[in-house]
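A quick write-up on the structure given underneath.
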Amino acid sequence: MTAQTKKRGAAENGDGGTGLSLAAFIANNEDLGPIVRHAFESGKPEALLHSLRNIVKMKEVEIEEICRLHYEEFILAVDELRGVLVDADDLKGTLSDENLRLQEVASTLLLKLDELLELYSVNRSVGEALATLKICLKVTSLCKICNRDIAQAKLHSALKTLELIEKDYMQNIPLKLLKKVIQKQIPVMKLYIEKKVCSEFNEWLVYIRRIGKEIGQAAIDQASLARQKDEGMCARQREAEECSHVGFDEHAYSLDVENMDEEAMLEFDLAPVYRAHHIHIGLGRGEKFREYYFNNRLMQLNLDLQISTSQPFVESHQPFLAQIAGFFIIEDRVLRTADGLLSESQVETMWETAISKVTSILEQQFSLMDTANHLLNVKGYISLLGTTMKKYGYQATSLVEILGKNRDKYLELLISDCRKQIKNVLSKDSYERMVIKKENEYDMYVAALQLEPTDVAPDLPYVALFSSSVPNACRIVRSFIEDLVRYLSYGSSMNSYDVVKSYLDKFLIEVLNDAFLNLIHGGSLEFQQMVQIAGNIAVLERSCDMFLCHTAQICGVPRHLLEKPHSGLTAKAVLKASRNAAYSGLITLVNSKVDEFMLQLPSINWTVEEAPEHANDYMNEVIIYLHDVVSSGQQIVPRDALYKVVSGALSHIADSIITVLLSDRVKRFNANAVAGIDIDLKMLEGFADDTYHSTGLSDLRKDTSFKDCLAEIRQLIDLLLSNQPESFMNPVTREKNYGSLDHKKVAIICDKFKDAPDSLFGSLSSRATVQSARKKSLDVLKRRLKDFS
């Protein structure tokens, strides 16, 4: 390698540029093509040839140098090579012998090998045939299974089998004819499955719409039962709270194990929906089926939202609303279990559509209702619907709002209905005290309505202080309270007790009280009827507390809160005022009746020639009537009121007699007529004194007794019958004996009083006769009264 490098350097040093560059290319084993091409293109190939010859000479020199340097090594290598050739010849002979022996042994084996290879070929062909048959048998078996599943309506299983054939076997079927047949039949079978499942789904749509009402009604019934259970628990809780204020009751708290079972699930078949959905997903048409389901259910919802025109809404509202409830209960189940068949937005869209339509229908129907009971029934069912839908996650705020909007209308209708009932009850009442002969009647008319302060049943027959209209009116009031609470409850966020209390006050004042005032001021009642009305008002006045307790009980307000100041009803004071108006009406009635009897007074003989021995007929009738008044009023009317009635009647009688004497209907009267009035007055005074003490009215210790009510007429009669009537002008005597008389009235009456006949001959004879002292005294009184005026 060193010699070669030296030679290359000598060559490079010996030649010029071309030789050097050519030698460098050859030394580096580079391509000489560009140099040769350049030499011929430049027209100087001789220089190139010369350079190549020089290089050859140089290489020959190098070779000779190498041979000279390695001569001995070459000799040794040649000797070793000749030894190897000898060994190779020996090995060649050995191999030839072994080859001959091997060919002799292998000839038989080669024949058997050919046979084996042929058998291998047959085996491969048979294996391929078996594999083909196996694939065909598997495919045909799957086809058979698919046909069986379709026959047995196992459509989802059949579809899975078809998918298996398509994915795993279709490309591997070796028989072209079988493959072609299967490829043709698979779409047909899928189409059949789709039609079959669509048919089942359409039948399900009919079925589910038919039972939707039953599902909704069942759910609403469950909500109603749950509400009743809650109300019962609240009632027991209130009872326990009431007991806690008076002492612990060991029975107040108890575990209700009777109603601890879970609510039964609403059962309905959704299998056709699941099957149809899954099969359509398997067919790659899941989105199409979801759209188909939503559109069909939306159409059914629009049909369900059409109210019946053949029935009143009051009769058809329950099935109508139950159908809506059932629809959305079904959709809620589908949303939760049908694996994406419905989306929440779709259900929300349907619910908003339904609630908007239902709200519109309810507004229209409520505007047409004219009976409170109808509106209450619809409201109750709507509140149950709202509770049911809230349980399934639906918002029913608009339903609650529409109920709130119609509260005033319901109240107007309720008050109107109750006003008609009160009016009807009062018009049919005979206003006679109820006579209760049976224990169940007492429980129904008295105990149940708490019309008696004690719970101890009296001896039967029992004569009540009220007439038949009182129990009926109490029932109407309690019904008003209960209906109002039912309307305000479940959906109203306000304090129902305060609202009901205010409306109860309004009802008692504007309906019940006004009805009694119309009777009192109607002018068509007898005294006994007015007495009974006053008694009825008194009973109802006491019942106001019972009405308030009943309101608190059903509103869930503890009874002890009612004991707070200013917690009562204003109606109680109003009824008391009406009771006083009834007592005033008694006075008016008695005075009017007395006026009928007193109409006979002007027609008596005021110039009778002989003094009568008995009272006039009108006074007898007045006394009989007053006896009836006292006996009728004494059982019902309080003593204060009875005192006012009787004293008012006596004062009215006295005023009536004086009014008659002052009127133009009596031109003159004599002493005999005055004596007759004196007999009437004594009879009336006897009645007054006896009644005042026998009825116990004297215990009231009033400043004026019944007899004092007749003081003016008594003093007038005493003056006219006095032997010295001129003593009236004596201030001391007048203050002592005639303090109730007015001198103007005395002057007019005395002017009409003629103690002797006033005829012409009578006056002439009078001049001839000495006037009696009494006559003279009366004339003096007349003159002095004229001078005094």
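The values are calculated or read from the model by the stated rules, or taken from the named source; none is laboratory data. Just so you know, these numbers come straight off a predicted model, no measurement behind them. When we count neighbours, we look across all protein chains shown, and the Cβ atoms used for this are built from the backbone with ideal geometry, even at glycine. Heavy atoms of the whole protein, side chains included, go into the accessibility calculation; ligands, DNA and RNA do not. Shrake-Rupley method; radii C 1.70, N 1.55, O 1.52, S 1.80 Å.
Per-residue HN-Hα couplings for the range 401-410, Karplus 6.51 cos²θ - 1.76 cosθ + 1.60 at θ = phi - 60°, whole Hz, x for Gly and Pro?
Taking θ as phi minus 60°, the curve returns 5, 5, 5, x, 5, 9, 5, 5, 5, 4 Hz for the range 401-410.
Provide the per residue accessible area, probe 1.4 Å, for the chain, rounded to a whole number of square angstrom.
57 Å²
Using a cut-off of 17 Å between alpha-carbon atoms, which lysines can reach residue 644, once sequence neighbours fewer than 8 places away in the same chain are excluded?
576, 593, 702, 707
For residue 776, list the aspartates and glutamates whose Cα falls under 12 Å from its own Cα; do not include residues on the same chain fewer than 8 positions away.
726, 755
Determine the order of 207, 431, 120 by accessible area, beginning with the largest, at a probe radius of 1.4 Å.
120, 207, 431
For 287, 194, what's the largest-to-smallest order of accessible area, 1.4 Å probe?
287, 194
[x] -0.88, -1.02, -1.18; [y] -0.95, -1.05, -1.14; [z] -0.79, -0.92, -1.06: which one is log10 I(q)/I(0) by the Debye sum over Cα atoms at q = 0.08, 0.09, 0.10 Å⁻¹ as calculated from this entry?
For log10 I(q)/I(0) by the Debye sum over Cα atoms at q = 0.08, 0.09, 0.10 Å⁻¹, the calculated option is [y].
Taking amide H positions as placed 1.01 Å from N in the peptide plane, with prolines and chain starts having none, which residues 5 or more places from residue 32, or on another chain, fall under 5 Å of its amide H?
When sequence neighbours closer than 5 places are left aside, there are no close amide H contacts.
What are the ³J(HN,Hα) couplings of the range 583-597, residue after residue, when phi is run through the Karplus curve with 6.51, -1.76, 1.60 and θ = phi - 60°? Round to Hz, x for glycine and proline.
Each residue's phi maps through the Karplus curve to give 5, 5, x, 4, 4, 5, 4, 4, 5, 5, 5, 4, 4, 4, 6 Hz.
Express the relative contact order of the range 410-555 as a whole percentage, based on alpha carbon pairs under 8 Å and six or more residues apart in sequence.
RCO, the range 410-555: 34 percent.
When only Cα pairs under 8 Å and 6 or more residues apart are kept, what is the percent relative contact order across the chain?
7 percent
Calculate what fraction, in whole %, of the accessible area of the chain sits on carbon and sulfur atoms when a 1.4 Å probe is rolled over the protein chains.
Here carbon and sulfur together make up 53 percent of the probe-accessible area.
Would you grab the residues whose amide H sits under 5 Å from the one on residue 608? Only those 5+ places off in sequence or on another chain, please, with H modelled 1.01 Å from N.
Distant-sequence amide H within range of residue 608: 670, 673.
Would you work out the charge dipole size for the range 372-519 about its Cα centre, treating the Cβ of every Lys and Arg as +1 and the Cβ of every Asp and Glu as -1, and quote it to the nearest 20 debye?
Rounded to the nearest 20 debye, it is 640 debye.
Run down the lysines and flag those whose C-alpha is under 21 Å from the C-alpha of residue 288, throwing out any fewer than 8 positions away in its chain.
Straight-distance partners of residue 288: 160, 190, 195, 196.
Quick check for me: using +1 on Lys/Arg Cβ and -1 on Asp/Glu Cβ, what's the dipole size of the chain about its Cα centre, in debye to the nearest 20?
2860 debye
Hey, what's the per residue convex hull volume over the C-alpha atoms of the range 410-555, in cubic angstrom?
106 Å³
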